[in-house]
1. Taking segment A:123-148, which residues are more than 7 Å from chain B (Cβ to nearest Cβ) and in a loop (DSSP other than H, G, I, E, B)?
2. Within segment A:1-38, take every residue that is outside any strand (DSSP E or B) and hydrophobic (A, V, I, L, M, F, W, C) and give me the one that is nearest to the other protein chains (Cβ to nearest Cβ).
3. Scan segment B:536-556 and report the pairs whose first residue is more than 14 Å from residue B:146 (Cα to Cα) and whose second residue is at pLDDT 95 or above and among the aromatic types (Phe, Trp, Tyr), with Cβ atoms within less than 9 Å and a gap of 6+ or a chain change.
4. Mind checking which residues of segment A:194-208 are without any contact (Cβ under 8 Å) to a residue 60 or more places away in the chain and within 15 Å of residue B:560 (Cβ to Cβ)?
5. Can you pull out the residues in segment B:420-439 that are farther than 16 Å from residue B:496 by Cα and among the hydrophobic types (A, V, I, L, M, F, W, C)?
6. When you scan segment A:80-95, do you find a residue that is within 21 Å of residue B:519 (Cα to Cα) and part of a strand (DSSP E or B), even just one?
There are 2 protein chains.
Amino acid sequence: MYRTHTCGELRISHKGNEVTLSGWIQRLRKLGGMTFIDLRDRYGITQLVVDEKATEYLKATVSKLGREFVIQTNGIVLERQSKNNKIPTGEIEIDIKSIKVLNKAETPPFTIQTDTDGGDELRMKYRYLDLRRETVRENLVLRSKMAILIRNYLDSLDFIETETPVLMKSTPEGARDFVVPSRMNPGEFYALPQSPQVFKQLLMVAGFDKYYQIVKCFRDEDLRADRQPEFTQIDCEMSFVEQEDVLDAFEGLTRHLFKEIKDIDSGVFPRIPYAKAMDKYGSDKPDTRFEMLFNDITNIAKGKDFGIFNNAEYIVAITAKGAAEYSRKQLDALTNYVKRPQIGAKGLVYVKYNSDETFKSSIDKFYDSTDIEKWANQCQAEPGDLLLILSGDKFETQKQMCELRLEMGRQLELIDKTKFNPLWVTDFPLLEWDDDTQRYYAMHHPFTAPKPEDIELLENAPDKVRANAYDLVINGVEIGGGSVRIYDSALQSKMFKLLGFTEEQANSQFGFLMNAFKYGAPPHAGIAFGFDRLVSLFAGLDSIRDVIAFPKNNTGRDVMNDAPSQISDEQLKELFLRVELPKD
Amino acid sequence: MYRTHTCGELRISHKGNEVTLSGWIQRLRKLGGMTFIDLRDRYGITQLVVDEKATEYLKATVSKLGREFVIQTNGIVLERQSKNNKIPTGEIEIDIKSIKVLNKAETPPFTIQTDTDGGDELRMKYRYLDLRRETVRENLVLRSKMAILIRNYLDSLDFIETETPVLMKSTPEGARDFVVPSRMNPGEFYALPQSPQVFKQLLMVAGFDKYYQIVKCFRDEDLRADRQPEFTQIDCEMSFVEQEDVLDAFEGLTRHLFKEIKDIDSGVFPRIPYAKAMDKYGSDKPDTRFEMLFNDITNIAKGKDFGIFNNAEYIVAITAKGAAEYSRKQLDALTNYVKRPQIGAKGLVYVKYNSDETFKSSIDKFYDSTDIEKWANQCQAEPGDLLLILSGDKFETQKQMCELRLEMGRQLELIDKTKFNPLWVTDFPLLEWDDDTQRYYAMHHPFTAPKPEDIELLENAPDKVRANAYDLVINGVEIGGGSVRIYDSALQSKMFKLLGFTEEQANSQFGFLMNAFKYGAPPHAGIAFGFDRLVSLFAGLDSIRDVIAFPKNNTGRDVMNDAPSQISDEQLKELFLRVELPKD
C-alpha cells in the first residue's frame, strides 16, 4: 500500500496517528539540523519534518532528495508549532520515520508553482509538468466537475446521451473538414465532424426526443488567437418543442452550473433581440456588466459643415461617465486605439462636458454649444462626462464603437470581474447578404426556421426575416446558440431557393437529411454550447487553452509530442496516397 | 405547445382530463365507424379513438392519415372498455377532438415494430427508421443509462474525467492508425488514437492521480465479425496503487452496474490465474456459466499402439454429462465441427460411458476397458456420460477443445442466458514468443510490469515471467483489461532489450513517454473496458452493432450516408495529396 492518506487529508484530529503518504517533493528546506519537506499530490501539500535526532540512514536519504522526486514516507502526525492557516493541512506536520524514493526526478525546466518562471512555449513542451501546477490542474478539475453536473442535469430531464460517428461523410461544402483516408476503401475519405448536426437531426427523426452529447468537434481552420482544431461541444436537440422550451431547459442548466460551481443565483436571464443588441451595444454578444449604451445621434448631428458626419450613414455616441478630465494624451491614445487596423475607424470625435457645464470638443469649429447640448441630452450626459463619437457605414461603425465601449469599460474599471451577466440574444436575422458573391447566406444554417410571422417577408424582403435562432451570451462571450429547425419540406425548398441553391445542389448537399425527413420528421430544435469556452469563463480565464489538458498551438501543433508529423512511405502506400509538397 | 403529456404517461388517474399528445402513427384500425390509432413516441404508445360521432372534418383528416405520419392531437382521457395490460397506458384511450398533421410520411421500407420485416442491409441503410423500433432504441437508452452510472461511480471515487487529444501523433509501429493530413502543416499527418495510453500515463506523471474518460478509439483494421473502426472505451488510470486497488475499484464499478441495471448482487468476483484458465477452460476468457472442465489425460493415455496420442504433446478430455446416448450422426457432426478450418482439429475421439457401465469408444481397438476406466475416473465421468478427447500441440488443442466445450454447452443447454458470471483472469504471461519473427512480444504492452517475484526470471526464463496484468471476463466475453505499469527506468530498459528493441528503436517509439518519466513518475496502473461490448452484454446481444447508434458495416462503410466517399480535387490539393489507385 503506497499511502494511508492523501497529502490533502490530514488534520489536527489525526494527531498521534501513524500514517503513510506518497507524493512529489515540492520544496526542501533545512533549518538548523531539521529538514522540512513539502510533499505534494493532487489533493494538497503536507509538511514533513526530519528531526535532528533522525537516524543517519534517514538523514543520508534526505540529503539526496531533490525537487519533484517521488517518495513514499511513513511517520507520526504532530501538531505544528507555527501553524499555516493558508492550507487545510497547515495545523499538522509529519514526524518522519522512513522515506523510500519511488522515483528520482531531473530538475524540471521550470518551477512547479502557481507563479512559475516558465514561459508559454516551455510550459507547452512540458505540458505534463505544467499540469502539476495547482492552478492549471484546478482548471481541469473544474472541467470534470462541470461535465458531470451537466450530464446529470440533462439526464434528469430525460435527455439520452448518444454517441454519433467521428468518422463521417465529407460534405461538398466542407472544404475545411479534416479528412481521413480509408485503407479499406481505396481513394475514399471519411471526414471528422465539424458538428454532429446531421446526426442529431436524424436522431429526432428516429424519435429519440431528447438527445445530448459532450462531443469533440473538428475544424481545419486557420487558428485565430483562441481556437483549437479540436474542441468540445455540449450538443443537444429536442423534439416537439418550441424555442421557449429550449431556452427554458438550457437556462435551467446554466443556472444550475452557476449555483453549484459559484453559489450564484443567476435569476431569470434577460433577453435581447439581435436588433436591439446591435443598436445598444453594437454586438450580438454584448457585455452587459456595464452600461455605456450606444446613442444614435445620426439625425441630430447632421446638417452642419462637418462633411464626415454629413456623409455618414450612421453617427453613434457613448457617454463615458466622469471622464471629462481625460488628457489630450489619453484622447490621442483612444484615437489611435480605434484607428488600429483590427478596429479600422478613420477617427474619433470627442466632446468633454466640463464640470462647469461648458463643452469642449474636437469639432468645435462646426458645432456650437446649442448643437452639442442636444447630443449631450440624447446621451443623458452630465457635467463631468466625456462623449465619444464614431461615424460611417452603420455595421462597421457599430463594430468599432463596440470595441471602444469595451476599452472604455476597462479603462474606467467598470467591468466587475466577479460578476456574471448571462443573457439570451434572440431574433437573429435569418439571412446575411454577401456582397462578394451577391447572394444570401444562412446566418445560422440552412435548416434554421424563420419566425412564423415573418414567413410572408421571405419573397420580397428576405433581409427583414427573423429566425427562431438564439445565442447564450455571458459577459460578452458567446457560449453557444441554436435554432428551431425547419421540418416542413415546402418551406425548406423555399429556403434553398432563397439561398441560391439549385435543386441539384440542395440534393447533393442536404439530400440525405431531406430524404430522412420524408418518413415523418417531428418539429425539433436544438442548441450547442462551447464547453471549452464555458469552462474557461467559469475558471475566470481569457483563453480556452488552459482548460484543455493537451492543447495545440496556433498552427495546430502539439509541441509536446511534435504532432502532426510525417508518416512512412509504407503507410502512404497502404492508403494509396502520395504527398506532393509545393515547390518553393 | 406540442404536447401536455408524452405517449407513455397517461394512466387511469388522468381520466376526464383534456390532453394534447404528439407522436408517430404506429397503427390505424377501423372497427365499424370507429378508428383506433396507436400513437407512438419514445416514451410509449397511447391509443386514440375517433368516434362515429366525430365531425366530418375530423373523419376526413383521419382518412388521409398513414403509418408514421407525425400528428398532434387533442382529446379527453377515457377509461378503455377492453384494457390492454401489456402496456402502461393500456387502461386508457383518448377520445379525439382534433388532429393536426405535423408531417406526412412516405411508407417506410420496413415495418417499425419489434419483429420487423426489414433485412439487415435495409435497416442499416435506413438506420434512422430502425432506431424508431422499441428494441433498438432501448439498447441506446441502456447505453446512456450505463454511461451516467459509470461516470457518477467513478466521480464518487475522485476520478477526474479528462479529455485527451483525438488528433495525436502517428507512431512508427502504428501502421494501422487512421491518419489525418494537416492542411496547415503540409505533408504531415495526425493519427487518431488507438487508445489514450500515452496520454493517460502522462496524466499520472502530471499528478492527476485518478483519470477516467469514456472515449472513442480508432483502429484501421480489417473488420472481423464484431469490430468497428471506431469504438468506445471506459479508459482509466490510477497512481500510487497496486493491482489490488485497480481490481477493487473496477469490480466495484461492475457490481454497481449489475445492481443498478439488473438488480443482481454479483458478489465477489472469482479470480483465475491465466495458467489455470488455460488448463481448465483452454481460454483466457472462460465462460464459467457451466462446468465441463478440461481434464489433462496426457500421461495416462499414452503408451499403447495409438500413434496419434503417442505423438501428441497434450491429450485433453471433457465430460459431457448424460450425453452417452449421442447418436453416430451427432458424433459425426461434432467431429465435423472441430475439423472446420476455423477450429482446425484433425479428429475427435469419443468414449461413451454407457448406463450399463460398459464403454464404447472410437479407439476400442487400442484401449481396453481398464485403460479407459482410468480416463473416466480422471474425468469424474459417470455412467451415461460422454467423454470427448482432443490431442496435439498443447496451445492449439486447448483452443480447439475450448470451442468444443462451448458447443457442447450450447447443445446440452447448459448455458443459462439469464446468468452473469464475472471473473478476473490474472497473472498473464508478460511475453509471447513469436515463431515467425523469432522474438518475444509484450502480451499486453511494453510498459506492463512483471510480477516482482518473477523479475529474476527475466534473464534466463523470460517466458515464465508473469505480468501484473488482468482481464475482466463475463460469460466468456473479455470486457476489458489492464496492467500495473513499469515506472522504473532501469527495469524498462531491460524490458526493451528483451523485446528486441535497440536503444534507438525504443527511443523513437517510446522516448517521448520515457522522457516524461525522468521528471518523477509515480507508480501507476490502469484498465480499460470496451464500453460497446459491456453494453451489448447487459442488453443480451451477441453483436456490438445494435448498441451503436450509427454503426459501420464490416468494410468500414456507413451505408446510411455512404461514407467514406471521394473528396474533391480542390480538397486534395489543399492537403498536398494525390490519390494513386492500384491498376487492376
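The values are calculated or read from the model by the stated rules, or taken from the named source; none is laboratory data. This structure is a prediction, so every number in the text was calculated from the model and none was measured. Don't worry about glycine lacking a Cβ; one is built from the backbone with ideal geometry, like all the others, and counts go over all protein chains shown.
1. Across segment A:123-148, the qualifying residues are A:126, A:133.
2. Checked segment A:1-38; the qualifying residue nearest to the other protein chains (Cβ to nearest Cβ) is A:1.
3. Final answer for the pair search is B:544/B:231; B:549/A:199; B:549/A:208; B:550/A:199; B:550/B:128; B:556/A:190.
4. Correct list: A:196, A:199, A:203, A:206.
5. B:420, B:423, B:424, B:425, B:428
6. The answer is no; no qualifying residue exists.
Residue-wise test of (1) without any contact (Cβ under 8 Å) to a residue 40 or more places away in the chain; (2) out of contact with any helix residue (DSSP H, G or I) (no Cβ under 7 Å at 6 or more places or on another chain).
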{"residue": "B:440", "(1), (2)": "no, no"}
{"residue": "B:449", "(1), (2)": "no, yes"}
{"residue": "B:456", "(1), (2)": "yes, yes"}
{"residue": "B:464", "(1), (2)": "yes, no"}
{"residue": "B:481", "(1), (2)": "no, yes"}
{"residue": "B:484", "(1), (2)": "no, no"}
{"residue": "B:497", "(1), (2)": "yes, yes"}
{"residue": "B:513", "(1), (2)": "no, no"}
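Yes/no matrix, rows are residues, columns are (1) in a loop (DSSP other than H, G, I, E, B); (2) of a type outside the set (Ser, Thr, Tyr); (3) in the same structural domain as residue A:481 (by TED's automatic domain parsing); (4) buried (at least 17 other Cβ atoms within 10 Å of the Cβ):
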position	(1), (2), (3), (4)
A:280	no, yes, no, yes
A:299	no, yes, no, no
A:331	no, yes, no, yes
A:380	yes, yes, no, no
